[in-house]
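Every number in this text was worked out from the coordinates using simple rules, so none of it is lab data. Note that the coordinates shown come from a computational prediction; the quantities given were computed from them, not determined experimentally. Methodologically, a virtual Cβ is constructed for each residue, glycine included, from the backbone with ideal geometry; neighbour enumeration extends over all protein chains shown.
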Amino acid sequence: MQEGISYIAGAELPCVIVDVVRGGPGLGNIAPEQSDYFAMVKGGGHGSYRNLVLRSRLGAEMADLTVLACRTRDKYRNPTVVLAEGFIGR
């Protein structure tokens, strides 16, 4: 997925990515986890860009940050990531 995000950033296509982080290797574990934090903040792919990352702590805050992400993606023409823990995404 990182190559796709770097292509979107290079083409200046605004988009919002919602990343709900859960623990474990995909066995259905829902626990607080922050394993995707550095991948989203530092960016991947060619590495000459940074993502705009908004992190939510509460479900209501996640809704507000999604609206803010839509505004910032259009203003900066860059991928914007809304990052949340697994408990919020349930």
* Structure fact -> For C15, other-chain or 5+-apart residues with amide H closer than 5 Å (H placed, Pro excluded) are N78, T80
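What FRET efficiency, computed as 1/(1 + (r/R0)^6) with R0 = 22 Å and r the Cβ-Cβ distance, is obtained for K42 and L13, rounded to the nearest 0.05? Each step should come with its number before you reach the end.
Working: r = 20 Å, r/R0 = 0.91.
Taking R0 as 22 Å, the efficiency between K42 and L13 is 0.65.
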* Asked: Length gain on complete extension for the stretch R71 to Q2, per 0.36 nm per residue less the alpha carbon to alpha carbon distance?
  -> 22.6 nm
